[in-house]
Amino acid sequence: MKLTNLLTSAAVALGLAAGAAMADTTKVGFVYVGPVGDGGWTYEHDQGRKAVEAEFGDQVETVYVENVAEGPDAERVMTQMALEGADLIFTTSFGYMDPTINVAKKFPNVKFEHATGYKRADNVSTYSARFYEGRAVQGTIAGHMTESNIIGYIGSYPIPEVIRGINSAYLHAKKVNPDVQFKIVWAFTWFDPAKEADAAKVLIEQGADVILQHTDSTAPQAAAQAAGNVITFGQASDMSEYAPKPRVSSIIDDWAPYYIARTKAVIDGTWESVDTWDGIGAGMVGIGEISDVVPADVKAAALAIKDAQANGTYHAFTGPINKQDGSAWLAEGETADDGTLAGMNFYVEGIEGDIPQ
Amino acid sequence: MDLSAINPVLLIASLMVAATPLLLAAIGELVVEKAGVLNLGVEGMMIVGAIAGFATAVESGSPFFGFIAAAIAGAALSILFAILTQFAQANQVASGLSLTLFGLGLSALMGQSYVGIKPPQMGDIHIPVLSDLPVVGPILFGHDIILYFGIALTAAVWWMLKYSRLGLVLRAVGENHDAAHALGYKVLKIRLLAIMFGGACAGLGGAYISLIRVPQWTEGMTAGIGWIALALVVFASWKPWRALLGAYLFGGVTVVQLNLQAAGVAIPVEYLAMSPYLITIIVLVILSADKSSAPASLGRNFHASR
């Protein structure tokens, strides 16, 4: 437990104690896996929190605890938030899934919202974004841009969300460049700048000239910049401080509209347990500006994929697609159903290597 | 699997970079322990050095000033430890642990406004002809200056401990502080200086991570390197060259395992991830089978009245 967490918790306690005096204030808690200044995943969730504050003003009070490890520590933090009177708690990492369910059982009157998971209860909603739609855009750019035909991918944990991203990026890179090869390194962390930097350097040394990351810090961007002729994509946040190169585009998570809608539902008493999975069309997944390093025709191709997904005319997983072992998955023209996507635990045909178990 | 994708030259060059923070911190702690003091606050001093160096480099625009500031900040924090343990006679283990916790918190506070900023770059040295040699050039002559400083420091500490009068006095204090005191050496003063040296080295190691290896500032970015440095000193039997070997081994296996993953070697990733710890421990345990042992006064407080 870091000192900052303790200080934040203390501040939370003080804030809630003060808030309790005011009647009908809705308290909204956020549990973050990294620091709010990570420049990526947690940063965007915190932007969502600030949007909630800006929208409702004195009607709501928001609290957050950052750097909460996935596991027992998360359960303790959530319990504390609930005890201190939070009405709605957003838990913003996949590894908080079981802790959220456990704590939710103890506090039936508190509403919980768990990001990127698949376990729900009467007072637990789940929400996630269709990041794989963004990965399709990235894969298209990556396939066009690579000269070595080697694309490096820094995975965090081998969970469906990450595997979906790898598959989607691979399929679309392959579509525009049949010779493309993916090198995948698992970092087994969401946030460890030194390790992420090392992973990026290794991939670059092994010939990758495009780096895709599913970890939260900007360290791989810094490594790519130092290497020179490598392009990257912002992950979760725009990471525009590394534009126009190495960062040529990005996936931006925009949680603000969802957080505002859900907070409003609690205020109005209309909150229900739901499963939300929105993509580019609904605005939950944004594509960061494609920089001028990308040629105009490639940019146009990428934007075409983006628009087709936004208006629903194209699905990132459209057959024919085989699984890695060669067995058929989707027939010609068939699209993947959400159930399979939510639990995706296999690579598509053409990706080398095994998913760690 | 395609091992040919791994470029051994680049591999060795990058393992040297990965090993340097660990080496700097371990050499500092080695001197501290040779003087008979156990400072478990290495991680805390490293992370404070990381942010102090980063902030100074960003504000001044010079990574060189950043490293100086990191050394000063690490030494300053270690003085706190020295006051507690050498003058107030506090328990060294507890003081060291609290120093780490304090350092992690303090660095997070200091770093609030430095998240997401890019530091000025420390260029690699370039020696005409030598740096352009194939194989040898990138490995030996194409790094930043601090990396060479780490190796030079190892050599200097080795020479100092083995051949110089200062080294003899330092070892005397670490082996038997009462005898050293009886001979008229200022035990507390020597220990204070050793602790400050250790703090400065840890600070440099931290700044190497935030300014060169990553380079950016994020909370908790040393991620346990300080603890590995502590273990390394013990497994290296308090010998500087073995600490260097251990650091390069650890850095090497860390980089190699990522390389093997990227090359698609069919070893489960979990085994690869634990291999740096395992291999370093095994090699150093085998090496430490000789008669060398810890400084006899390690961790014991000294007071002139006793």
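No value in this document is a laboratory result; all are computed from the given coordinates. Here the structure is a predicted model, which means the values were calculated and not measured. Cβ: placed from backbone, ideal geometry, glycine included. Neighbour counts: every protein chain shown.
Once the cut-off is 34 Å, how many percent of the Cα-Cα pairs in chain B end up in the long-distance tail? The calculated P(r) of chain B puts 23 percent of pairs beyond 34 Å.
Taking a straight line from the alpha carbon of A:Lys174, these lysines sit under 19 Å away, with near neighbours fewer than eight places off in the same chain left out: A:Lys183, A:Lys299, A:Lys306, A:Lys323. As a ratio to 2.2 N^0.38 Å, the alpha-carbon radius of gyration computed for the protein assembly as shown takes the value 1.03. Of the residues B:Ser131, B:Ala152, B:Ser275, the one whose Cα sits farthest toward the positive end of the charge dipole of chain B, with +1 on the Cβ of Lys and Arg and -1 on the Cβ of Asp and Glu, is B:Ala152. Ellipsoid fit via the Cα gyration tensor, region B:193-260: semi-axes of 20, 19, 9 Å, each the root of five times an eigenvalue, largest first. Overall, chain A carries a charge dipole of about 240 debye about its Cα centre when +1 sits on the Cβ of Lys and Arg and -1 on the Cβ of Asp and Glu, all other atoms neutral. Structural descriptor for region A:212-309: relative contact order 24 percent, calculated from alpha carbon pairs under 8 angstrom and at least 6 residues apart.
Kirkwood analysis of chain A, using all unique Cα-Cα pairs, places the hydrodynamic radius at 20.9 Å. Along region A:251-258 the Karplus relation, 6.51 cos²θ - 1.76 cosθ + 1.60 evaluated at θ = phi - 60°, assigns HN-Hα couplings of 9, 10, 8, 10, 8, 3, x, 5 Hz to successive residues, with x for each Gly and Pro. Remark: spin-label model distance B:Glu59-A:Thr189 equals 2.8 nm, labels positioned 7 Å along the Cα→Cβ axis. Convex hull volume per residue, computed on the Cα atoms of region A:251-326, equals 150 Å³.
With +1 on the Cβ of every Lys and Arg and -1 on the Cβ of every Asp and Glu, and nothing else charged, how large is the dipole of region B:1-136 about its Cα centre, in debye rounded to the nearest 20? Dipole of region B:1-136, to the nearest 20 debye: 260 debye. The calculated FRET efficiency for A:Lys106 paired with B:Ser131, based on their beta-carbon distance and R0 = 56 Å, is about 0.35. Residues of region B:201-236 with backbone nitrogen within less than 15 Å of a virtual label 7 Å along the Cα-to-Cβ line of B:Leu287, please, listed as ranges. The answer is B:229-236. In terms of modelled amide H atoms, which long-range or inter-chain residues lie less than 5 Å from the amide H of A:Gln213? For A:Gln213, whose amide H was placed from the backbone, the distant partners under 5 Å are A:Ile154, A:Phe233. Evaluated at q = 0.12, 0.14, 0.17 Å⁻¹, the base-10 log of the normalised Debye intensity for region B:1-157, with identical point scatterers placed on the Cα atoms, takes the values -0.65, -0.83, -1.07.
Helix-only arithmetic for chain B: the sum of -39500 (n - 2.57) across DSSP H runs with n ≥ 4, divided by the residue total, places the mean residue ellipticity at 222 nm at -22000 deg cm²/dmol. Spin-label pair B:Val93-A:Thr276: with each label point 7 Å from Cα along the Cα-Cβ axis, the two points sit 5.1 nm from one another. Per residue, the Cα convex hull of region B:115-162 amounts to 121 Å³. Could you list the residues of region B:35-66 with an amide nitrogen less than 20 Å from a label point located 7 Å from the Cα of B:Arg300 in the Cα-to-C-beta direction? Counting only backbone N, you get B:35-40. About its Cα centre, the dipole of the protein assembly as shown is roughly 2940 debye, where the only charges are +1 on Lys and Arg Cβ and -1 on Asp and Glu Cβ. Averaging 1/r across all pairs of distinct Cα atoms in region B:171-306 and inverting the result yields a Kirkwood radius of 17.6 Å. Here's the picture: charge each Lys and Arg Cβ at +1 and each Asp and Glu Cβ at -1 in chain A, and of A:Thr126, A:Val52, A:Pro295 the one pushed furthest to the positive end of that dipole is A:Thr126. Of the peptides B:212-225, A:305-318, the ranking by mean beta-carbon count within 10 Å, highest at the top, reads B:212-225, A:305-318. Sorting the segments A:228-239, B:27-38, A:143-154, A:46-57 by their mean number of nearby beta carbons within 10 angstrom, highest to lowest, gives B:27-38, A:228-239, A:143-154, A:46-57.
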